[in-house]
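Contents: one structure, followed by commentary.
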Amino acid sequence: MQKILVTGGAGFIGSNFVHYLVANTDANVTVLDKLTYAGNPESISTLPEDRVSLVKGDIADAALVDGLVAESDVVVHYAAESHNDNSLHDPRPFLDTNIIGTYTLIEAARKHDTRFHHISTDEVYGDLELDDPERFTEQTPYNPSSPYSSTKAGSDLLVRAWVRSFGLRATISNCSNNYGPYQHVEKFIPRQITNVIDGVRPKLYGKGENVRDWIHANDHSSAVLAIIDKGRIGETYLIGADGEKNNKEVVELILEHMGQSSDAYDHVIDRPGHDLRYAIDSTKLREELGWQPSFSNFHAGIEDTIKWYRDNESWWRPQKAATEARYKEQGQ
Ligand code: NAD
Ligand code: DAU
């Protein structure tokens, strides 16, 4: 039975991964999470205590990290400051967690020769034109735009350097935009769903032409597990499910599924430096590791997600007013 340390396991994608591990493996899971505004212990509180334990702490705390890594067979590193808009207003926590936190973890993994998987984002590659026939591949040069994505790019480069210089047994994955349950209401899809529940019109940045390549969080989890089981050490794998949609289409879909007129949204001021389009070519992951997404119907996935937010108001309600107050200050 493997002992897996999941950093950021009380956040959106990390908690989905912990649920996935409990359902699909016999691993014992320790979650290390600082429980920032983005972490919620309730996201994993229904899981059996003999399978999952939560340690509240900072990934930049070297002594704490050393002890936890020493006891683990594998580290899966999700913890991060993850929201672009926040990084534009206060970049410092992004450097502390995404850069220093990752450095602290890989130093411990090096010392204890522990298998390490680093979770990253397609945003490290910058953006694409709307009509560009190319998509991101593992060979695309790094060109991050925001404080968030530049710190993620920096963390990827640290992991690569530790593989080459110190023989760290690590893999990296760069995934596109996730959706599904347990996502914080600051993010695009849950913000609009919970706005509609509250009788507030969805807010679209700029013209709403920006394209994101949506993947269900469960499909991200199955890909990460495949990489941990079968991925080659030192390699990077791009994770995506051919889910390109522009933001206007997504808002219209949410409105339709929630019984509203599809044009009942407002345009608000754009995000500075807003990346235009992301698109992932996941051929390497599919051909080398035999991975395939299971949530191929975005309409059905959005319907399930709307139902989850309707059924779990007690999970998101405590965060909603403060999140909207922050957006209001920014004119968004
Ligand atoms: P999230 O903001 O929902 O969760 C982040 C979690 O990390 C929270 O539980 C938070 O408390 C924890 N955390 C933050 N700082 C910490 C610290 N210093 N020490 C310990 N824990 C800390 O983020 P998410 O959307 O679930 O993203 C998880 C990871 O996946 C990130 O590395 C992100 O870059 C990556 N990613 C996200 C997406 C996406 O669409 N959301 C896509 C690709 C990659
Ligand atoms: O591509 C992967 C990345 O996806 C991850 O690395 C990030 O952690 C994750 O937050 C996400 O980044 P985005 O900036 O793409 O996600 P966000 O949910 O903030 O916004 C998605 C799109 O929707 C983006 O084009 C901005 C737009 N948007 C967002 C909000 C919150 C709006 O139009 N209105 C909004 O209210």
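The values are calculated or read from the model by the stated rules, or taken from the named source; none is laboratory data. Quick caveat: nothing in here was measured; it's all calculated off a predicted structure. Ideal geometry is used to build each Cβ from the backbone, glycine not excepted, and the neighbour counts take in all protein chains shown.
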Handout entry: Any hit, segment 124-133, residues being in contact with a strand residue (DSSP E or B) (Cβ under 6 Å, 6 or more places away or on another chain) and more than 11 Å from ligand 2 (Cβ to nearest atom)
Key = yes
Fill in the blank from the handout: Note on segment 86-143: residues more than 16 Å from residue 174 (Cβ to Cβ) and either basic (Lys, Arg) or more than 16 Å from ligand 1 (Cβ to nearest atom) (or both) are 92, 110, 111, 112, 113, 114, 115, 129, 130, 131, 132, 133
Exercise for the section: Would you be able to tell me the number of residues in segment 134-155 that are within 12 Å of ligand 2 (Cβ to nearest atom), in contact with a strand residue (DSSP E or B) (Cβ under 8 Å, 6 or more places away or on another chain) and not hydrophobic (A, V, I, L, M, F, W, C)? Expected result: 3
Completion exercise
In segment 186-198, anything β-branched (Val, Ile, Thr) and either within 11 Å of ligand 1 (Cβ to nearest atom) or within 12 Å of residue 302 (Cα to Cα) (or both) is listed as 189, 193
Practice task
Name, by its number, the condition in (1) under 21 Å from residue 26 (Cα atoms); (2) touching a residue at least 40 places away in the same chain (Cβ under 8 Å); (3) more than 20 Å from the chain's Cα centre (by Cα); (4) buried (at least 19 other Cβ atoms within 10 Å of the Cβ) that does not hold for residue 108.
Solution key: (1)
Problem - Which numbered condition residue 118 misses (of (1) of a type outside the set (S, T, N, Q); (2) without any contact (Cβ under 8 Å) to a residue 60 or more places away in the chain; (3) touching a strand residue (DSSP E or B) at 6+ places or on another chain (Cβ under 9 Å); (4) part of a loop (DSSP other than H, G, I, E, B)) - result: (4)
Practice task
Looking at (1) assigned to a loop (DSSP other than H, G, I, E, B); (2) among the polar types (S, T, N, Q); (3) more than 11 Å from ligand 2 (Cβ to nearest atom), find the lone condition where residue 173 falls short.
Solution key: (1)
Problem - Residue that is modelled with pLDDT of 95 or more and surrounded by fewer than 16 Cβ atoms within 10 Å (Cβ to Cβ), where the choices are 301, 243, 234 - result: 234
Fill in the blank from the handout: Counted residues in segment 157-170 being within 16 Å of ligand 1 (Cβ to nearest atom) and surrounded by 22 or more Cβ atoms within 10 Å (Cβ to Cβ) come to 2
Handout entry: 2 or more residues under 20 Å from residue 202 (Cβ atoms), away from ligand 2 (no atom under 14 Å from the Cβ) and among the hydrophobic types (A, V, I, L, M, F, W, C): qualifying helices (runs of 4 or more DSSP H) within segment 262-331
Key = 298-311, 313-329
Fill in the blank from the handout: The correct count of residues that are among the basic types (Lys, Arg) and closer than 25 Å to residue 121 by Cα in segment 4-60 is 2
Exercise for the section: Given the conditions (1) within 16 Å of ligand 1 (Cβ to nearest atom); (2) aliphatic (A, V, I, L, M); (3) out of contact with any helix residue (DSSP H, G or I) (no Cβ under 7 Å at 6 or more places or on another chain), report the number of the one that residue 268 does not fulfil. Expected result: (1)
Fill in the blank from the handout: Expected output for segment 223-243 (first residue of a type in the set (D, E, K, R), partner away from ligand 2 (no atom under 16 Å from the Cβ), Cβ below 7 Å, 6+ apart or cross-chain) is 230/289; 235/171
Handout entry: Residue in segment 25-35 that is among the aliphatic types (A, V, I, L, M), surrounded by fewer than 24 Cβ atoms within 10 Å (Cβ to Cβ) and farther than 24 Å from residue 66 by Cα present
Key = no
Handout entry: Condition broken by residue 56, with the remaining ones in (1) buried (at least 17 other Cβ atoms within 10 Å of the Cβ); (2) more than 22 Å from residue 224 (Cβ to Cβ) satisfied
Key = (1)
